[in-house]
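Input: a single structure, listed below in structure tokens.
Values quoted throughout were computed directly from the atomic coordinates according to the rules given, and no laboratory measurement underlies them. What you see is a predicted model, and the numbers here were worked out from it, not measured in a lab. Here Cβ is always computed from backbone atoms with ideal geometry, including for glycine, and neighbour counts include all displayed protein chains.
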Amino acid sequence: MRKTMTIFMLLGVLLILTAPFVLPDNVFAADKLAEAIAKAPAGTEKGQIDATAQPGFLGIPGAPKVNLIVGLLWAIWVGWVFSTVGAFGGIMAGVGHITIYGLGAYAKTFKDTAPALNKFVTDSIRVSNQWLVGLSALVSSLNYNKQKRLVPALGIFLGLGALFATLLVVFTTAGKIKFSQYQGWFGLVVFVIGGFMVYEMTPKGQSGKKKAQAAVKAFEETVKKKGDITSQGVKTLKWSLAKTEISFFGQTFTFSPIWAFVGGFFISAIASFLGIGGGFLYVPFLTSVVGLPMFVVAGTSALSVLIGMIFAIFNFMMLKGIMVYWPMIGAELVGIFIGSMIGPRTGKYIPNKVLKGIFIVLALYIGLRYTLRGFFGIAML
Amino acid sequence: MREQLDILLYHADGFLIFFYRLTADPFVNFIIGTICLAFMCVLIGELTVSLALKYNKGYFDEMAADINRKENLSISAYESGDKTSYRALNKEATDAWGKRFFTMIGYSAGMFWPLPFALGWMQTRFQDVQFDLAFPLSLIFGESAGYTFIFIPLYILCRIVFKYLRPKLPYFRGIQKILDHPEKP
């Protein structure tokens, strides 16, 4: 009986899975998009809208149709990068939206002829990047809550910083950023990330790893005797704006909620503006700058990332009417999932240093190319 | 590929709109249909991510054990007063966490991939449908809101309901255990 029920359930699921797989090409335009299209000059040349042409991206007549196969394949690459190297996957997702799918080049054609359309497409690209970070934070923060790892004071101030930053970024930049400006800033941040990756490969950057290896030998035995500390949980002992004390496993740690707010503000501003960076920057900030243990930081920062991304996506989409192209997001999520499944199986065959070397080269190339094109209009690479 | 996808969409549309035509009241129909759509998204997402967790369970456990070990080491260093070792080990734990964080993005994609397709389908049917908002919501969200405003809260509600159903469902019980204790080897 149970077997029959299982088979019927699986058949039902198969029916559901095969039915609503994708969306039609003709996505209806929202008011803001319709206004932007109306302002564009009519015609068949670049930078013009041919109202009789087939609708493409976001339902814009004559816009490129995002090839979902290309989108899927690129997203598999992004998922692979996420699960082997980590942070660089977000940058690769951004590169997909900007370059691989042809959206950036399309937005640029309206730079002088229809600036409103140029900026609308740019905002759509930004929000598309944000979806990925927000989704991961949602899953992470739910799990950490059950493990008593959330520090309310830290989370609230990080979240407040994130909230102010996203409101500021959305209301000052939505509909105002040209694609070239976005591309330039994206490139600059990627270049800085590439710089950090290069630093980590230098002897000075590696010295921290050597200290950690020595420390592992020193404390391994102690850890074995203590057993599992994760069931302890975190408690807040004292709270003030200047200094908050928390206790974990009998140890006291302090942090300043003001610094948490400042960090949350700047990191969230970058994440809201570019759609990258918020996810992984919180934890290194809180562990390296604020000095909190990773155990405490991980869950709380995931919650803050979630708050920041929800506000950013909400403000962009609900209040500013920015649209995303759902079929592209859907195909990307499928591809990222597939890539993340494959990554662990293949990553072990490639040495970590080789992987890092490849991504350093990519970061420097993308950073330089986008910065030159975005800020200076130089198409060197 | 587009033609084949349009044919699939045609059949999907017929299947999905059925849930929006169950009663005589259009608003009630919209809510019921959207709840059904949201629940389908939850179920499909859960099934997808369960494949990931089963397929890569060993890798996931290895990562969790690595993070756990490095966290414990950093706390021991802090306890002994060795700040240099604490900072170095904390960084190692952070790097290990970072790898897991981005792997979670992949798993999250598995959980949420049906949503854009559902929202995209709703866009074809309900793009022009607006719901008047009462005070004080109208102060924050404006005078009216569209289908996304209804879908997302209902999706969250379906997720919460599924959370309570999951321990009772034969296949999903094991998945819940993996999700609840990712840091335990």
Checklist entry - How many lysine pairs does chain B hold where the Cα atoms are under 13 Å apart and the two sit 8 or more places apart or on different chains? => result 9
Item to check | Where labels lie 7 Å past Cα in the beta-carbon direction, separation of residue A:206 and residue B:18 in nm | outcome: 6.3
Checklist entry - In nm², what is the average projected area of the convex hull enclosing the Cα atoms of region B:2-180? => result 15.8
Next on the checklist: Cut-off is 10 Å between beta-carbons; in what order do A:268, A:128 appear when sorted fewest neighbours first?
Outcome noted: A:128, A:268
Item to check | Relative packing of B:55-61, A:326-332, A:362-368, which averages over residues the other C-beta atoms within 10 Å, highest first | outcome: A:326-332, A:362-368, B:55-61
Checklist outcome for this item: Residue by residue through region B:92-102, the couplings from Karplus 6.51 cos²θ - 1.76 cosθ + 1.60 with θ = phi - 60°, in Hz, x for Gly and Pro, are 4, 5, 5, 5, 5, 4, x, 5, 5, 4, 6
Item to check | Ordering of B:24-36, B:101-113, A:253-265 by burial proxy (mean other Cβ atoms within 10 Å per residue, highest first) | outcome: B:101-113, A:253-265, B:24-36
Item to check | For residues of A:82-88, the mean tally of beta carbons on other chains within 10 Å | outcome: 6
Checklist outcome for this item: Full extension between residue A:213 and residue A:176 adds, at 0.36 nm per residue less the Cα distance, a length in nm of 8.4 nm
Checklist entry - How high is the FRET efficiency between residue A:346 and residue B:31 when r is their beta carbon distance and R₀ equals 30 Å, given to the nearest 0.05? => result 0.10
Checklist outcome for this item: One finds, for residue A:361 and residue A:111 with R0 = 25 angstrom and r their Cβ-Cβ distance, a FRET efficiency to the nearest 0.05 of 0.25
Checklist outcome for this item: Most exposed first, judged by fewest Cβ atoms within 10 angstrom, A:124, B:50 run B:50, A:124
Checklist entry - If you plug each phi of region A:51-67 into the Karplus form 6.51 cos²θ - 1.76 cosθ + 1.60 with θ = phi - 60°, what whole-Hz ³J(HN,Hα) values come out, in order, with x for Gly and Pro? => result 4, 8, 6, 5, x, x, 3, 6, x, 6, x, x, 6, x, 8, 5, 6
Item to check | Which of B:100, B:125, A:126 has the fewest Cβ neighbours within 10 Å, and the rest in rising order | outcome: B:125, B:100, A:126
Checklist entry - Counting only other chains, what is the mean number of Cβ atoms within 10 angstrom of the Cβ of each residue in peptide A:53-65? => result 0
